[in-house]
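Step one of this worksheet: look at the structure below.
The values are calculated or read from the model by the stated rules, or taken from the named source; none is laboratory data. None of these values were measured; they are calculated from a predicted model. In this analysis, Cβ positions are derived from the backbone assuming ideal geometry, glycine residues included, and neighbour counts consider all displayed protein chains. In case anyone asks, the SASA skips ligands and DNA or RNA and just uses the protein heavy atoms, side chains included. Shrake-Rupley method; radii C 1.70, N 1.55, O 1.52, S 1.80 Å.
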Amino acid sequence: MTTAISNQGMATPHGRVPMLNRPNMVSVGTIAFLAQELMFFAGLFAMYFTSRANGMTAGDWQHQTEHLNVVFGLVITIVLITSSVTSQFGVFAAERGDVFGLRKWFGVTILLGVVFLGLVAFEWTEMVLAGVTPQASVYGSMFYIITGFHMAHVTAGIIAFCVVLLRISKSKFTPAQATAAMATSYYWHFVDVIWVGVFITLYLVQ
């Protein structure tokens, strides 16, 4: 009987060499991308706390933050966290091959994401009417920069969910589409976790 030596130095029967267990490239790429995004938001938070230290010394920071509606911010946070739950339900459906469930839960996630954007836009309007603008203060600049970049990431996530649903509607459901659904959900979870940090920083710590 012929044998072959595997990559781990073990002989295998029938001359067959086992396949290498390679990580999923989509998963690896998603993790690398999220790590880059994490560093980006870490830089924004560092800018915020540096500006806060200077603003507290100047004495005008508290006057700017008193216009924040903490309860409304909590409602916004609950909406986004709920969307993270629905997106995970969509992933569970994808793992089962349940296309209907995937469409349903991702559709709800998209709706909640749009609601989130609308609520944040309403908060922006309230802040502007209160006189908190990027031109008026450093705090205003940091508030709109952080929330604005986060809204851009939420918008990108909504577009990604729409692309997944479009691909499913155009062709037969495949493992590759399931992987894309999972990667999109990972990104959405990341965006939700970042918002929790934004809520704690802007609305609670102030």
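What to note about this one:
- Hey, MET56 at pLDDT 65 or above and either within 29 Å of the chain's Cα centre (by Cα) or over 28 Å from LEU117 (Cβ atoms) (or both) or not: yes
- Taking segment 66-78 as the range and being buried (at least 16 other Cβ atoms within 10 Å of the Cβ) and part of a helix (DSSP H, G or I) as the test, the residues that pass are GLY73, ILE76, THR77.
- Conditions (1) open to solvent by 20 Å² or more (accessible area, probe 1.4 Å); (2) in a helix (DSSP H, G or I); (3) not hydroxyl-bearing (Ser, Thr, Tyr): number failed by ILE146: (1)
- Subset of segment 142-168 (residues that are free of Cβ contacts under 8 Å to residues at least 40 places away in the same chain, small (Gly, Ala, Ser) and more than 18 Å from ILE200 (Cα to Cα)): ALA152, ALA156, ALA160
- Count of segment 113-136 residues which are open to solvent by 30 Å² or more (accessible area, probe 1.4 Å), under 21 Å from TRP195 (Cα atoms) and of a type in the set (Gly, Ala, Ser): 2
- As for segment 130-139, it holds at least one residue that is assigned to a helix (DSSP H, G or I), modelled with pLDDT under 95 and either out of contact with any strand residue (DSSP E or B) (no Cβ under 9 Å at 6 or more places or on another chain) or under 23 Å from ASN54 (Cβ atoms) (or both).
Matching residues to (1) surrounded by 13 or more Cβ atoms within 10 Å (Cβ to Cβ); (2) of a type in the set (A, V, I, L, M, F, W, C); (3) not in a helix (DSSP H, G or I):
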| site | (1), (2), (3) |
| --- | --- |
| CYS162 | yes, yes, no |
| LEU166 | no, yes, no |
| GLN177 | yes, no, no |
| ALA183 | yes, yes, no |
| TYR186 | yes, no, no |
| HIS189 | yes, no, no |
| ASP192 | yes, no, no |
| GLY197 | yes, no, no |
| LEU202 | yes, yes, no |
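- Residues in segment 38-57 that are open to solvent by 80 Å² or more (accessible area, probe 1.4 Å) and either of a type in the set (A, V, I, L, M) or not in a helix (DSSP H, G or I) (or both): LEU38, MET39, MET47, MET56.
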